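Report on the structure given below.
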Amino acid sequence: MKSVNQETRARYDDLPYSSFAYQYSAPEQLAAVASLFGLPSGEVATARVLELGCGSGGNLIPIALRHPRCSVVGVDISGVQVAEGKASVERLGLDNVVLIEADLLDLDTSALGEFDYIIAHGLYSWVPPEVQDAILRLIARSLAPEGVAYVSYNTYPGWKTKEIVRDAMRMHGGTRPTVDEQVGYGRSMLNFLKQTALPGGLTAAAVDECTPSIMNGPVDYVAHEYLAPHNRPCYFYEFVERTGAHGLAYLGEAQPSMMLPSNYSQELAEQLYGALGGDQVRVEQYLDFAVSRVFRQTLVVHAKRAQDLRWELDRKTLHGMHFAANLSATDGAIRLDGQLQDFVAPPNRASIGASLSGLKQAMDALARAWPGTVTREDMIRHATLTQGENDPVPPEILSEAVDELCERLALRGMAQVRLAPVEATGPSDQPVVDPVARRQVAALPPEKKHVANAWHDTVELTDIDRLLIPLMDGSLDRNGLAAATAAAMREGRLASAPADDIETQAAARVTDMLQRLARSALLLRHTAQ
Ligand SMILES: C[S@@+](CC[C@H](N)C(=O)[O-])C[C@H]1O[C@@H](n2cnc3c(N)ncnc32)[C@H](O)[C@@H]1O
């Protein structure tokens, strides 16, 4: 086994995996999902967080930055990646991050203590069975009594098709001496299959499905997903059985909308619940067959907590929670005329219909706050103040309608839900960038261009973002930002179009940038102190 893991270490040392923040692995998300299903979990602001297979810390370090009273520990076998992570921690001046270079098979868990949240993203199905077992053992031992662990993995049946492509790529390129060559040969195998696979056959379908990510994806992703020796998908029910053998129980998916057949088709939901009743794991496994699921982000807790778990949502748990949804009416502006309008939140296909003007205004409160959050109480307040005069709604009916709205938003995946507010807002005249993002940008090496936002989502920065974000503490207004942009253009630090109206160009670029930063949840609701 040692030699297998040494090979893994060498692969990741030679070709480090791009390390980003993944929003569904955020402790804030784990806490919200646990709460939705009736389980309390550790206070995020002061939590102990462990990440297994943390790479260079792109997912872990932003958690430590957002929560200075958190204490975070990351473990990875690749010395090169851990060294890169340690350099980032030093540049950021963080004292709440410990990164450990170790093989999970040898890790002394007793020295680590207990953790409120344990994250294993992109690890479980990319290691041999012994290490898979070690991951679950480690989670069972190191998870605090009220802890929540996140494990992502490739799943069957979706990966059965993708394995045709992976097997072919590995057969053609897997033994080439360098990873770059392996990827080159692998891609040429895909091209060969593209030209030769019989139309309408399984191989042609697999090629169609995999082509965009293999041809356009970064080399490190293609190498580790399609050419590495280990990529061992499993069925969801097998994963749940394995966690059960370690004294852990299924809590839910980090994206709860994936758990509900009704989000895919009402007929499917009726058939599955009719045949399988309340067996949630079987319902979801059958759903995975129906939708050909390829990937899961599953949350587990200690098995003894399973008795307190309820997948049937109690609407009272939504009171006091914080919701963000980019809702809009499909037919334009909201009309307070008692007529039915459909509301959607991109990129989700789901919609919510509303005719009550109070309910429409509750959705308007969400739309105005997006990408920041509002509570159910905020929605009711806004609706009460602004609902149409011709269509007033008694308070108890409004309250019930907003409860139902919150439940639908949460379960259909149309809103992000948190236990604490996310203070993001739209462009203003005196714009302020989240200080956590400002710190990340200030410490970013020139070759890197990603930061994590308040939703723990990865945002790609452009040149003007890198130039202006460090200045955006609220002390410069739009004119000041445009002046800084124009100066950078004149001095050649920022590209400009070959025209003499640098000032006009700069002002337009600032406007465009502010809209983009707002959509990326990097602008703060409050001005800086
Ligand atoms: C696909 S990468 C994912 C990295 C990161 N979690 C992410 O999603 O960006 C898998 C990571 O697991 C680490 N790894 C693989 N086997 C390991 C082992 N036996 N012990 C510790 N880390 C391991 C690799 O070095 C690599 O950084």
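The values are calculated or read from the model by the stated rules, or taken from the named source; none is laboratory data. As the structure is a computational prediction, the values presented were derived from the model and not from experiment. Counting neighbours? That spans all protein chains shown, and the Cβs are built from the backbone with ideal geometry, glycine included.
Counting the residues of the range 165-215 that are aliphatic (A, V, I, L, M) and more than 32 Å from the chain's Cα centre (by Cα) gives 4.
Taking the condition within 16 Å of the ligand (Cβ to nearest atom), surrounded by fewer than 18 Cβ atoms within 10 Å (Cβ to Cβ) and not charged (D, E, K, R), does V49 pass? Even if it seems obvious, please write down each step before you answer.
On the way: within 16 Å of the ligand (Cβ to nearest atom): yes; surrounded by fewer than 18 Cβ atoms within 10 Å (Cβ to Cβ): no; not charged (D, E, K, R): yes.
So V49 fails the test.
Please specify each residue of the range 8-22 satisfying the condition of being among the polar types (S, T, N, Q) and more than 8 Å from the ligand (Cβ to nearest atom).
Just the residues of the range 8-22 that are among the polar types (S, T, N, Q), to begin with: 8, 18-19.
The answer is none; no residue qualifies.
Does any residue of the range 70-91 turn out to be within 9 Å of the ligand (Cβ to nearest atom) and acidic (D, E)? Yes, the conditions are met somewhere in the range 70-91. Within the range 490-515, the set of residues being surrounded by fewer than 16 Cβ atoms within 10 Å (Cβ to Cβ) and closer than 16 Å to G372 by Cβ comprises Q515 only. When the range 108-138 is filtered for residues that are within 20 Å of A64 (Cβ to Cβ) and either within 14 Å of the ligand (Cβ to nearest atom) or not in a helix (DSSP H, G or I) (or both), the ones remaining, listed by number, are L112, G113, E114, F115, D116, Y117, I118, I119, A120, H121, G122, L123.
Going through T46, T8 one at a time, which residue ends up being in contact with a Cys (Cβ under 7 Å, 6 or more places away or on another chain), more than 25 Å from M259 (Cβ to Cβ) and β-branched (V, I, T)?
Numbers: T8 fails: in contact with a Cys (Cβ under 7 Å, 6 or more places away or on another chain).
Matching residue, one of T46, T8: T46.
When we screen L60, L52, L92 for residues that are touching a residue at least 24 places away in the same chain (Cβ under 8 Å), under 14 Å from Q440 (Cβ atoms) and in contact with a Leu (Cβ under 7 Å, 6 or more places away or on another chain), the only hit is L92.
For R66, are the conditions met, namely being of a type in the set (K, R), touching a helix residue (DSSP H, G or I) at 6+ places or on another chain (Cβ under 7 Å) and more than 14 Å from the ligand (Cβ to nearest atom)? Break it down into steps so the answer makes sense when it comes.
On the way: of a type in the set (K, R): yes; touching a helix residue (DSSP H, G or I) at 6+ places or on another chain (Cβ under 7 Å): yes; more than 14 Å from the ligand (Cβ to nearest atom): yes.
In short, yes.
When the range 387-428 is limited to residues that are within 30 Å of T511 (Cβ to Cβ) and out of contact with any Leu (no Cβ under 8 Å at 6 or more places or on another chain), the one that is surrounded by the fewest Cβ atoms within 10 Å (Cβ to Cβ) turns out to be P421.
Condition check for V97 on (1) within 16 Å of the ligand (Cβ to nearest atom); (2) more than 23 Å from the chain's Cα centre (by Cα): one failure, at (2).
As a summary of the residue check, S25 satisfies the conditions (1) modelled with pLDDT of 95 or more; (2) hydroxyl-bearing (S, T, Y); (3) surrounded by fewer than 20 Cβ atoms within 10 Å (Cβ to Cβ); (4) within 12 Å of the ligand (Cβ to nearest atom) except for the one numbered (3).
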